[in-house]
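To start, the structure itself, in structure tokens.
The values are calculated or read from the model by the stated rules, or taken from the named source; none is laboratory data. This is a predicted model, so every value here is computed, not measured. Using ideal geometry, Cβ is built from the backbone for each residue, glycine included, and neighbour counts are taken over all protein chains shown. These accessible areas exclude ligands, DNA and RNA; they are computed on the full protein's heavy atoms, side chains included. Shrake-Rupley method; radii C 1.70, N 1.55, O 1.52, S 1.80 Å.
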Number of protein chains: 2
Amino acid sequence: MSRVIGRLAAPPTLADVAELAGVSRQTVSNAVNNPDLLREDTLARVQAAIEELGYQPNRAARSLRTRSSRLIGLRIPPVQEGTANALIDRFVHALVDTSADAGYHILLFPGEAGDPVAGYDELLRSTAVDAFIVTDTLQGDSVSSWLRSRRAPFVAFGRPWENPEGATHPWVDIDSAAGAALATEHLIEKGHTRIAWIGWRREHLVGEERRSGWSRAMHAHSLPTTGLASRVEDTIASGRAATAALLNEAAPTAFVCASDTLALGVLHELHARGLRPGEDIAVTGFDDSIAAQTVPPGLTSVRQPLEDAAAELVKALEGLQGPVGSPEGILLQPTLVARGSS
Amino acid sequence: MSRVIGRLAAPPTLADVAELAGVSRQTVSNAVNNPDLLREDTLARVQAAIEELGYQPNRAARSLRTRSSRLIGLRIPPVQEGTANALIDRFVHALVDTSADAGYHILLFPGEAGDPVAGYDELLRSTAVDAFIVTDTLQGDSVSSWLRSRRAPFVAFGRPWENPEGATHPWVDIDSAAGAALATEHLIEKGHTRIAWIGWRREHLVGEERRSGWSRAMHAHSLPTTGLASRVEDTIASGRAATAALLNEAAPTAFVCASDTLALGVLHELHARGLRPGEDIAVTGFDDSIAAQTVPPGLTSVRQPLEDAAAELVKALEGLQGPVGSPEGILLQPTLVARGSS
DNA sequence: CGAGCCTGTTGGATCGATCCAGACTTCGAT
DNA sequence: ATCGAAGTCTGGATCGATCCAACAGGCTCG
């Protein structure tokens, strides 16, 4: 029974189980995939044989026949130096856990800088994955439209900004305007009136979205916004520079930032000026990164519900296999984690 | 030529290419796998056909026949709250990049808390992966020995502590004693003489390893170590508590920590006491995490060469497929990244 | 000039699980 | 006693790439 090829004992096959249980291969296959087709005693006998041999279906064979690998492709974008943003990592954790519950595994592939589509293309042609989860919709939706043109099944974490209403694929996103508003309201509640915004460049649609949450909350309380906003690169250094400029020119008592990276830039400038975050100046970030959780005295930050997002994405993915309904978009609400910095 | 099944255009097969090029399937297969077996003009003709159809071998079929999936399994351990340690994430990035160069993809599976072996077992039985990379050798080597008993091919990131000399599998590790010594020497050079150690509990063999680097460097310069060491849990809270105790009782001017998490604990306590890191008290961490890179004024930390480690692991993995030599262990040297905290 | 060798190519078998069509059993209804 | 239908179970074909044994055609060499 235990054939040995090289160093590795060959796992038992369906035929082995069938022989042991005294039934045909098809019956074993049914026992695994359609148990209710079998008579009770036959099922029990087959299951005992499966148990005894420790049988599991060979993935390659099953995948060849069914044209489905139960694998989901996820592109890992290149690491960006000088940022605190490890959102993708938390997302990967959440996704691995939830997709395992649904019987999927996550296949990672590198995001080559040159051709963003290369990795997708290879996996698609070789039918290595059943679907993709696309996370980099920030950059403009070139990947989405390419996948669509290839008729590849995928769901996106992030709105299709080009065409928010009539999306042709399911997506899940976080209502980040609401998140920024949450942070702003929180500071207003603490008594701040001159609350500055540090965000991303105008090209970044998500950045503009978040900024609108800040300005909406400010206007709702009739607070001034003029001269209190700046738009910079998403790095600690530029966050720090923006903070210096705003402190000198607009005298804010609080900062709402579009990312933890920028908020850390604020903390750096405060540190350099001997100002105490949370006492002299309040700061909030976005993403609830590890850095936000650990930096003294703790950075108040908007937390994206990545676990929920992952669950919704996997659910949408399963919907893809079925009938072609109109693709759905889901917007999840973030929460605010208050810490020492506010 | 473009058969359409459901919504997905079926990719071309080897037979399609053969027909277009006017050769047999075997010849196409050779063009892909053993190009030097073909005459030059035939090869060119086949390659043109491959190009035209955008052919890539079906992974499931190839995998079924060759019994090799070109996938590497990696277990993602559950996230630990209250820690700054996202070493695994940086490692995943490095591994995805280097393994892609070698033609492998990374398959992630969740580390269920209950049975650490469950995920491995499933993938092994279903022949889903060619090999594993094991990262959690800290916990005692139960996974390694289980994999060994199942004759599963794997390499470890981390020494086999039970049996460092006569390892039965290849491993790659970082010389973390040298790393701690590096940090200690750095502080001695800056003029510090009372340098405290905050490390992990004695059961953690890696922790003891790092501690020995500190004490060795101290002894080499005839500096005192008595009363200057403490061993605690790897959390920010306990790092902070240890700092408070050491400051009160032993009056150190610098702290060497076994992890960035502990070092952040030190920063928290300094912050609470109004002491300035890098000016009043020096601090070093371990792992060069994102938190270390971003916390003001920057945390000096020992950086593990994860990119090199990933490359060595993939190299070792390829060695596994070949003849059974004596498994090799590789020890890499870390570097020190000096920042504002020292 | 034919044996022997190399190169390039061929059809058929194979990997392991699932799909398909058909056969056999059981059982209530006529 | 016969029939049909539902419920069980079976052998053969199939997914696509690779392995295998064998075979043309061109070449050298005795």
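Could you tell me the convex hull volume per residue, in Å³, taken over the Cα atoms of segment B:234-283? Intermediate values should be presented prior to the final figure.
Working: hull volume 3.0 nm³, N = 50.
So the per-residue hull volume is 60 Å³.
What is the calculated FRET efficiency for B:Ala237 to B:Asp115, with r their C-beta to C-beta distance and R₀ = 30 Å, to the nearest 0.05?
Working: r = 29 Å, r/R0 = 0.98.
Rounded to the nearest 0.05, the efficiency is 0.55.
Summing -39500 (n - 2.57) over the DSSP H runs of n ≥ 4 in the protein assembly as shown and dividing by its residue number, what mean residue ellipticity at 222 nm do you reach, to the nearest 500 deg cm²/dmol?
Values: 26 runs with 300 residues, N = 684.
Result for the protein assembly as shown: -13500 deg cm²/dmol, rounded to the nearest 500.
I'd like the Karplus ³J(HN,Hα) series for segment B:261-273: coefficients 6.51, -1.76, 1.60, θ = phi - 60°, whole numbers in Hz, and an x wherever there's a Gly or Pro.
Result, ordered by residue: 4, 5, 4, 5, x, 4, 4, 4, 5, 4, 4, 5, 8 Hz.
List, shortest first and in nm to one decimal, how far the label point of B:Arg216 (7 Å from Cα along Cα→Cβ) is from its counterparts in the other copies.
5.9
Using only the Cα atoms, work out Rg/Rh for segment A:141-214, with Rh taken as the Kirkwood radius, to two decimals. Walk me through the numbers before you get to the answer.
On the way: Rg = 16.1 Å, Rh = 14.2 Å.
In segment A:141-214, Rg relative to Rh is 1.13.
Can you give the relative contact order of segment B:4-57 as a percent, counting alpha carbon pairs under 8 Å and 6+ residues apart?
Working: 44 pairs, mean separation 22.3, N = 54.
Relative contact order of segment B:4-57: 41 percent.
At q = 0.12, 0.16, 0.17, 0.19 Å⁻¹, what log₁₀ I(q)/I(0) does a Debye calculation on the Cα points of segment B:176-303 give, no solvent, two decimals?
For the requested q values the scattering log ratios are -0.35, -0.66, -0.75, -0.97.
Using a label position 7 Å from Cα in the Cα→Cβ direction, what is the ascending list of nm distances from A:Ser24 to the same site in the other copies?
The answer, with the shortest distance listed first, is 3.4 nm.
How many Å³ per residue does the convex hull of the Cα positions in chain B occupy?
Values: hull volume 62.9 nm³, N = 342.
Considering the Cα atoms of chain B, their hull volume per residue is 184 Å³.
In nm, give the distance between the simple-model label positions of B:Thr253 and A:Glu328, each being 7 Å from the Cα along the Cα-to-Cβ direction.
It works out to 6.5 nm between the two label points.
When the scattering of segment B:76-219 is computed by the Debye formula from its Cα atoms alone, each counted once and equally, what is log10 I(q)/I(0) at q = 0.21 Å⁻¹?
Evaluating at q = 0.21 Å⁻¹ gives log10 I(q)/I(0) of -1.42.
Considering Cα pairs under 8 angstrom that are at least six residues apart, work out the relative contact order of chain B and quote it in whole percent.
On the way: 607 pairs, mean separation 55.0, N = 342.
Relative contact order, chain B: 16 percent.
Sorted from shortest, what are the nm distances separating the label point of B:Val117 from equivalent points in the other copies, each placed 7 Å from Cα along Cα to C-beta?
Result for B:Val117, in nm, nearest copy first: 4.8.
So which trypsin sites (Lys or Arg not before Pro) in segment B:7-50 end up in coil per DSSP with only 13 or fewer other C-beta atoms within 10 Å? Mind showing how you got there, number by number?
Details: sites: B:Arg7, B:Arg25, B:Arg39, B:Arg45; in loops: B:Arg7, B:Arg39.
Qualifying residues, ordered by number: B:Arg7, B:Arg39.
Filter the GluC sites (Glu not before Pro) in segment A:276-342 down to the DSSP loop ones having no more than 12 other Cβ atoms within 10 Å, then list what survives. The partial results should precede the final answer.
Numbers: sites: A:Glu279, A:Glu307, A:Glu312, A:Glu318, A:Glu328; in loops: A:Glu279, A:Glu328.
Filter output for segment A:276-342: A:Glu279.
Segment B:45-83 to segment A:259-294: how many Å between their Cα centroids?
42
Report the semi-axes of the equivalent ellipsoid for the protein assembly as shown in whole Å, largest first, where each axis is √(5λ) for an eigenvalue λ of the Cα gyration tensor. Present the calculation step by step, with values, prior to reporting the outcome.
Values: eigenvalues 445, 236, 104 Å².
Taking √(5λ) for each eigenvalue gives 47, 34, 23 Å, largest first.
Which number comes out as Rg/Rh for segment A:4-57 once both Rg and the Kirkwood Rh are worked out on C-alpha atoms?
Details: Rg = 11.6 Å, Rh = 11.3 Å.
Rg divided by Rh gives 1.03.
At 1.4 Å probe size, what's the solvent-accessible area of A:Glu162? Round to the nearest 10 Å².
Estimated to the nearest 10 Å², A:Glu162 gives 130 Å².
What are the principal axis extents of the Cα atoms in segment A:273-342, in Å, biggest first?
Answer, in whole Å and largest first: 61, 18, 17 Å.
Based on the Cα gyration tensor of segment B:55-128, what are the three equivalent ellipsoid semi-axes, each the root of five times an eigenvalue, rounded to whole Å and given largest first? Mind showing how you got there, number by number?
Values: eigenvalues 149, 63, 9 Å².
The answer is 27, 18, 7 Å, longest axis first.
Could you give the distance between the Cα centres of segment A:171-214 and segment B:21-41, to the whole Å?
The two parts, judged by their Cα centres, are 59 Å apart.
Before anything else, pin down the relative contact order of segment B:176-303: Cα pairs under 8 Å, at least 6 apart, normalised by residue count, whole percent.
Computed over segment B:176-303, the figure is 25 percent.
Specify the angular offset, from 0 to 90 degrees and rounded to the nearest 10, of the alpha carbon long axis of helix B:236-250 from the longest principal axis of the alpha carbons in chain B.
Helix B:236-250 sits roughly 30 degrees off the main axis of chain B.
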